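Just below is one structure, and these are the notes that go with it.
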Amino acid sequence: MVISRSKLVIGATTILVATVTLTGAGIHWSKSQAFFQESPKELIDEVWQIIDRSYVDATFNQVDWQAVRLEYLGKPYGNQEEAYTAVREMLEQLDDPYTRFMDPQEFKDMQIDTSGELTGVGIQLSQDEETDELVVVSPIEDTPAFEAGILSKDVIIKIDGQSTEGMDVNDAVQLIRGPVNSQITLTIRRGEEELDFSMVRARIEIHPVRYEYRTEAGQPPIGYIRLTQFSANAAEEMREAINDLQSQQVEGFVLDLRSNPGGLLYASIDIASMWMDSGTIVSTVDRKGIVDEEKANNRALTDLPLVILVDGGSASASEILSGALQDNHRAELVGTQTFGKGLVQSVRPLGDGSGLAVTIAKYLTPSGRDINKEGIAPDEVLELSEEQREFLGENRDAIGTLEDPQYSKALEILKGQIDQGSRAASQ
């Protein structure tokens with residue numbers, strides 16, 4: 001199975017930002033667009049064929065996919081919008097929230113491998129499979145949603161006063177997006193409370209890696225690295241962070257993956273290779289049972305002790321990275337159970353400028369764990385109290401400091417690893 005790296009995404013969510021970057025196939029759409037607009041059934045059949053060839057489950061989640069084709073190609077369609085509705089109805093039968101159709105505007109707006117400027121509020125949004133509620137996986141740092149105080153696990157119940165009950169995630173995305181400098185109000189349910197958050201949509205430049213040299217009292221010097229998403233420039237920025245911190249003679253690292261919703265599959269593989277010299281990173285399994293195994297390539301940048309922070313907002317590519325380092329005994333994980341998204345999507349351009357994200361494989365951690373819907377359990381479980389969550393939500397500068405209980409625990413474990421290494425070296 002050969003898939004362009006730029007089209008392989010494993011993010012858990014819909015990201016409410018827009019990018020002007022399209023995949024390369026878009027440059028040849030102009031002639032075919034007219035054809036597909038004149039023959040909307042061709043679009044329906046194109047989507048059906050892609051699913052038929054590549055969907056991860058050969059039973060199509062117990063759906064008679066041949067019967068679906070006969071049903072939808074047997075109907076008349078007067079225009080493209082009717083065809084779009086039919087495509088979405090077809091895909092709904094798969095009961096897979098990650099396989100979805102995007103009309104041309106939605107496709108243009110989808111973040112795939114952005115490395116530049118985005119427009120939006122900066123929310124990673126998912127739809128609860130049981131309740132259909134719109135749930136925030138996490139806000140992207142330094143975006144309107146982040147600054148407003150929206151938190152992971154918040155439930156969006158209204159968008160500018162409009163109820164989201166029964167609303168599809170794609171419809172919610174379109175309501176939340178809008179022009180730069182325009183106002184939007186999201187009504188959030190958090191526990192038993194209902195809260196209104198007013199934000200101004202913005203153009204956002206995202207740098208996924210932030211790092212700092214730390215010398216806490218009584219502690220050895222360490223490097224703190226926060227990775228917020230696995231975008232196209234994540235690996236390059238991670239490499240710079242590790243090399244710079246090592247040049248400052250740190251003795252260990254804390255890698256913070258909390259509220260990181262994922263992104264590009266190969267970004268997680270590249271970053272894992274920076275921390276481990278050998279061993280399996282991840283295995284992918286498609287509908288034919290073929291296992292594509294990615295291994296470390298003896299190019300690790302450091303062998304210093306490492307502790308990773310994770311939580312319920314750590315999803316997908318975050319779980320690949322943390323699962324690889326945990327299974328290979330390269331790092332200890334601190335925090336809470338991760339999100340549990342073990343599926344890989346390929347994003348395909350369609351003939352009329354629309355697009356299709358289709359689940360093509362599942363992934364397993366090096367020990368063979370299928371973490372979909374289960375997540376990864378940390379080595380050291382530390383739940384934040386509601387008061388601690390609220391404090392960190394209101395005081396973002398305290399995240400990754402001694403006022404952050406999970407960071408403090410990671411620092412304690414890291415110091416133990418460093419001290420143990422020093423004792424071993426002196427014997």
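A few notes on this one:
- Residue in segment 283-295 that is within 28 Å of residue 407 (Cα to Cα) and assigned by TED's automatic domain parsing to the domain that holds residue 414 present: no
Each row is one residue, and each column tells you yes or no for (1) under 30 Å from residue 248 (Cα atoms); (2) part of a strand (DSSP E or B); (3) touching a helix residue (DSSP H, G or I) at 6+ places or on another chain (Cβ under 9 Å).
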position: 289; (1), (2), (3): no, no, no
position: 299; (1), (2), (3): yes, no, yes
position: 318; (1), (2), (3): yes, no, yes
position: 322; (1), (2), (3): yes, no, no
position: 329; (1), (2), (3): yes, no, no
position: 334; (1), (2), (3): yes, yes, yes
position: 347; (1), (2), (3): no, yes, yes
position: 351; (1), (2), (3): no, no, yes
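- Evaluated against (1) buried (at least 18 other Cβ atoms within 10 Å of the Cβ); (2) modelled with pLDDT of 85 or more; (3) touching a strand residue (DSSP E or B) at 6+ places or on another chain (Cβ under 6 Å), residue 196 falls short on exactly one condition, (1).
- The residues of segment 81-96 that are surrounded by fewer than 19 Cβ atoms within 10 Å (Cβ to Cβ) and not in a loop (DSSP other than H, G, I, E, B), listed by number, are 81, 82, 85, 88, 89, 92.
- Residue 361 vs. criteria among the hydrophobic types (A, V, I, L, M, F, W, C), assigned by TED's automatic domain parsing to the domain that holds residue 257, at pLDDT 95 or above and under 21 Å from the mean Cα position of the chain (by Cα): no
- Any chance residue 300 is surrounded by fewer than 17 Cβ atoms within 10 Å (Cβ to Cβ) and out of contact with any His (no Cβ under 8 Å at 6 or more places or on another chain): yes
- Pair list, Cβ under 8 Å, 6 or more apart: segment 227-248 residue over 19 Å from residue 309 (Cβ atoms) and at pLDDT below 95, other residue part of a loop (DSSP other than H, G, I, E, B) and of a type in the set (A, V, I, L, M, F, W, C): 231/206
- Check on residue 309, crowded, with 22+ Cβ neighbours inside 10 Å, out of contact with any Cys (no Cβ under 7 Å at 6 or more places or on another chain) and outside the structural domain of residue 128 (by TED's automatic domain parsing): yes
- Filtered residue count, segment 155-180, keeping only those that are touching a Lys or Arg at 6+ places or on another chain (Cβ under 7 Å) and within 15 Å of residue 127 (Cα to Cα): 4
- Residue 249 meets the conditions (1) assigned to a loop (DSSP other than H, G, I, E, B); (2) within 20 Å of residue 321 (Cα to Cα) in every case but one. The failed one is (2).
- Residue count for segment 221-243, restricted to those that are in a loop (DSSP other than H, G, I, E, B) and either within 24 Å of the chain's Cα centre (by Cα) or crowded, with 19+ Cβ neighbours inside 10 Å (or both): 5.
- Subset of segment 355-405 (residues that are surrounded by fewer than 15 Cβ atoms within 10 Å (Cβ to Cβ) and among the basic types (Lys, Arg)): 373, 396
- For residue 270: the one exception among (1) assigned to a loop (DSSP other than H, G, I, E, B); (2) over 13 Å from residue 318 (Cβ atoms); (3) not polar (S, T, N, Q): (1)
- Residue within segment 406-426 that is surrounded by 15 or more Cβ atoms within 10 Å (Cβ to Cβ), in a loop (DSSP other than H, G, I, E, B), within 27 Å of the chain's Cα centre (by Cα) and at pLDDT 90 or above present: no
- Residues (surrounded by 24 or more Cβ atoms within 10 Å (Cβ to Cβ) and at positive phi) located in segment 335-353: 335
- Residue list for segment 339-380, restricted to those being charged (D, E, K, R) and touching a residue at least 60 places away in the same chain (Cβ under 8 Å): 341, 348, 352, 362
- Any hit, segment 159-167, residues being part of a helix (DSSP H, G or I) and either modelled with pLDDT of 90 or more or surrounded by fewer than 21 Cβ atoms within 10 Å (Cβ to Cβ) (or both): no
- Scanning segment 145-158 for residues that are part of a loop (DSSP other than H, G, I, E, B) and without any contact (Cβ under 8 Å) to a residue 60 or more places away in the chain, we see that the one that is nearest to residue 198 (Cα to Cα) is 150.
Yes/no matrix, rows are residues, columns are (1) closer than 15 Å to residue 104 by Cα; (2) of a type in the set (A, V, I, L, M); (3) at pLDDT below 95; (4) assigned to a helix (DSSP H, G or I):
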{"residue": "29", "(1), (2), (3), (4)": "yes, no, yes, yes"}
{"residue": "33", "(1), (2), (3), (4)": "yes, no, yes, yes"}
{"residue": "42", "(1), (2), (3), (4)": "no, no, yes, yes"}
{"residue": "49", "(1), (2), (3), (4)": "no, no, no, yes"}
{"residue": "62", "(1), (2), (3), (4)": "no, no, no, no"}
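- Restricting segment 315-357 to residues that are at pLDDT below 95 and of a type in the set (Val, Ile, Thr), the residue that is nearest to residue 82 (Cα to Cα) is 347.
The values are calculated or read from the model by the stated rules, or taken from the named source; none is laboratory data. It should be emphasised that the depicted structure is a prediction, and the values quoted were computed from it without experimental measurement. Positions of Cβ are generated from backbone atoms using ideal geometry, with glycine treated the same way; all protein chains shown enter the neighbour counts.
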